[in-house]
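For reference, the structure is listed below as C-alpha cells.
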Amino acid sequence: MRPRTLDEVAGQQHILAPGKLLRRAIESDRFTSLIFHGPPGTGKTTLASVIARTTGSRFESLNGVESNVAEIRAKIDQARTWRELRGETTILFIDEIHRFNKAQQDVLLPHIERGIVRFIGATTHNPYFHVNSPLVSRSQIFQLEPVPVEDVIRVMERALADAERGLGGTRTTVDAEALRHLAEKSDGDVRKALTALELAILTTPADADGALRLTLEVAEESIQRKAVVYDADGDAHYDTASAFIKSIRGSDPDAALYWLAKMLHAGEDPRFISRRLVIAASEDIGLADSGALRVAIDAHHALEFVGMPEGRIPLAHATVYLATAPKSNTAYAALGRAMADVEGGRTLAVPPHLRTKTRKKLAAASGESEEAMKYLYSHDFEGAYVPQAYLPEGRVYYHPGDQGMEKRIQERLEHWRARLES
C-alpha cells in the first residue's frame, strides 16, 4: 500500500500541500539534496520513492546500518554510467543516514556537488546534531510529523478497498470504532496501523458465509493496547484529561486525584499524564510558584526511572502540589501578546545600543556619538540594574499577578519601570 503519487501520501500537508515549497520543488524537478527527519512510519522512505517516480529518476537505496564505503562508491559508479549512457538522473536514498560515520558521509559530498546523484537522506534524529555539517549545508531539511488520526484511518480504508495491493479481496466488515482505535494507538505510524489491520483480518475466523467482522475487541488484541474507555457512555480520554487539568487549575486536589485515578485505572499512558502536568506547571502556576515546573519535571523523570505501577506515586505528588499551588498564567499570556505583535507584522528593529558590530557604523551614519549608542552593562551598576531601553517603543507585555512570588516580581518591576520613566 506504499503511495505511488504525492496525493496518496498520508499527512505531511505542512510540506506537501499544493503551493508548499517541497511540493513545488518536486513537481518542477528543481531540487538537489534533501534530508527528511521524523518519527518512524511517517513516510520518509515512501516520500523518497514518490519523488523518484514523480521526477522520472532512477531510485537506488542504501541503509546506514548495513552499507559501507564500497557500496556507496558502487552506487555512485552506476549512477555515473546511467547518466553518461542514457542521460538518466539517479536518486540515491540513504535510510538512517545518521548511522554513517564522517568518512562515509564525506564520500558523498563531491558526487553530490557534481550532480552525479541527487541525494535524499532519512533519519529519526535531528540532522543538525547527528549528520555532518557539510552534508547538512548542501541539503534542504524537512521535518515529517506523525500522521494525524483521520489520515491514518483513510489509509486503512484505502487498504480495505484495494483488491490488488490491499485487503479488498476479503469480505470484511470493520467497525468504525475498531479503525479509530488502530489509528489512535499507532501513534501516527501508518506502517504500524496497516500491520495491525492486516494481522487482525488474517487471524479473524470468518462466519458461515465466508464474511468476517473486525470489532473493537479484535483491534485491541491486534495492536496489544486496550481502548481507553473511561465510563459506560464512552467519553473520549481527552474529556477526562481536560477535567484533570481544569481541576488543577481550579485548585481542587481531590477532584484532580480522582481524574488521575480514573485515567490510571483505564490504562492511560502515564507519560501522557506527566506531560500534561509539565504543561500545567507553566501555563497555570507559572511565576506564582516556579518550583511547580521543577516538581512536574521531576515527576516525569521519576516515572521514567521507576516505571509503573510505582510511577503513579510521583504523579500523585505532582498533582497535589500543582493543585494547591498559587496560580498565574501571566507569563503565558504575555508571550501570546508578544506573538500577536510579531505575527501581525509589527516587527521591531533591534535598538542600536543592543547591537554588536554595527554600532560604530550606525553612529557614523546618524551623526550621533558612539557614546550615545553605548550599551550599559547592568552588572556594573548598583543592584545590577541601570535604566535603559530594550524595546524601541517601550511596549509592555508582561503584567504580573498578585499571587505567590509574583507579588515580589511586581514590586521589582514597578521600581525598575519607575526609574526608567524618570
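Remark on residue 62: its backbone amide H falls under 5 Å from those of 93, 94, 95, a criterion applied only to residues 5 or more positions apart or on other chains, H modelled at 1.01 Å from N.
Summing charges over neighbours of residue 74, with a neighbour being any other residue whose Cβ is under 12 Å away from its Cβ, gives 0 when K and R count +1 and D and E count -1.
Pulled fully out, how much extra length does the chain show between residue 66 and residue 376, if you take 0.36 nm times their separation in residues and subtract their Cα-Cα distance? Show your work: numbers first, answer last.
Working: separation 310, 0.36 × 310 = 111.60 nm, distance 5.68 nm.
105.9 nm is the gain from fully extending residue 66 to residue 376.
Could you state the orientation-averaged shadow area of the convex hull built on the Cα atoms of the chain, in nm² to one decimal? Kindly include the intermediate steps, with their values, before the conclusion.
Details: hull surface 120.4 nm².
That works out to 30.1 nm², a quarter of the Cα hull's surface.
In the neighborhood of residue 136, defined by Cβ-to-Cβ distances under 15 Å, what is the net charge if each Lys or Arg adds +1 and each Asp or Glu adds -1? Show your work: numbers first, answer last.
Details: positive: 102, 138; negative: 106, 113.
Around residue 136, the surrounding residues sum to 0.
Each peptide in 84-91, 147-154 was scored by the mean count of other Cβ atoms within 10 Å over its residues; highest first, the order is 147-154, 84-91.
Evaluate the charge dipole of region 149-223 about its Cα centre and quote only its size in Debye, nearest 20, assuming +1 on the Cβ of each Lys and Arg and -1 on the Cβ of each Asp and Glu.
Values: 9 positive and 16 negative charges, 45 e Å.
The calculation lands at about 220 debye.
Computed across region 89-159, the Kirkwood radius stands at 13.9 Å (inverse of mean 1/r, all Cα pairs).
A full extension of the chain between residue 150 and residue 415 corresponds to an added length of 90.1 nm, given 0.36 nm per residue minus the alpha carbon distance.
Output the peptides 247-260, 126-139 sorted from most to least packed, where packing is the average of other Cβ atoms within 10 Å over each peptide's residues.
Values: 247-260: 18.4, 126-139: 15.6.
Output ranking for 247-260, 126-139: 247-260, 126-139.
Here the extension length gained between residue 164 and residue 242 equals 23.7 nm, from 0.36 nm per residue of separation less the Cα-Cα distance.
For region 237-324, the equivalent ellipsoid derived from the Cα gyration tensor has semi-axes of 18, 16, 10 Å, listed largest first. Rounded to the nearest Hz, the phi-derived 3J(HN,Hα) couplings of region 8-17 under the Karplus curve 6.51 cos²θ - 1.76 cosθ + 1.60 (θ = phi - 60°) are 8, 5, 7, x, 6, 5, 5, 10, 10, 5, where x marks glycine and proline.
Between region 117-188 and region 42-65, how far is it from one alpha carbon centroid to the other, in angstrom? About 14 Å separates the Cα centre of region 117-188 from the one of region 42-65.
Under 15 Å from a label point set 7 Å out along the Cα-to-Cβ vector of residue 251, the amide N atoms of region 393-422 belong to 401-407. Most tightly packed first, judged by the mean number of other beta-carbon atoms within 10 Å of their residues, the peptides 69-82, 32-45 read 32-45, 69-82. Using the Cβ-Cβ distance between residue 86 and residue 125 with R0 = 30 Å, the FRET efficiency computed as 1/(1 + (r/R0)^6) comes to roughly 0.25.
Can you show me the helix-derived [θ] at 222 nm for the chain, built from DSSP H runs with n ≥ 4 at -39,500 (n - 2.57) apiece and divided by the number of residues, rounded to the nearest 500.
Numbers: 19 runs with 212 residues, N = 422.
So the helix-based figure for the chain works out to -15500 deg cm²/dmol.
Only the Cβ atoms of Lys and Arg (+1) and of Asp and Glu (-1) were treated as charged; on that basis the dipole of the chain about its Cα centre amounts to roughly 1880 debye.
Work out the P(r) tail for region 56-184: percent of alpha carbon pairs separated by more than 22 Å, whole number. Of all Cα-Cα distances in region 56-184, 53 percent exceed 22 Å.
If r is the Cβ-Cβ distance from residue 341 to residue 317 and R0 is 41 Å, what FRET efficiency results, to the nearest 0.05? Calculated value: 0.60. If a spin label sat at a point 7 angstrom from the Cα of residue 138 along the line to its beta carbon, the backbone N atoms of region 18-49 nearer than 15 Å would be those of 32-35.
Any read-out appearing in this document is the output of simple, stated calculations on the displayed coordinates, not a laboratory observation. Remember, predicted model here, so these are calculated numbers, not experimental data. Don't worry about glycine lacking a Cβ; one is built from the backbone with ideal geometry, like all the others, and counts go over all protein chains shown.
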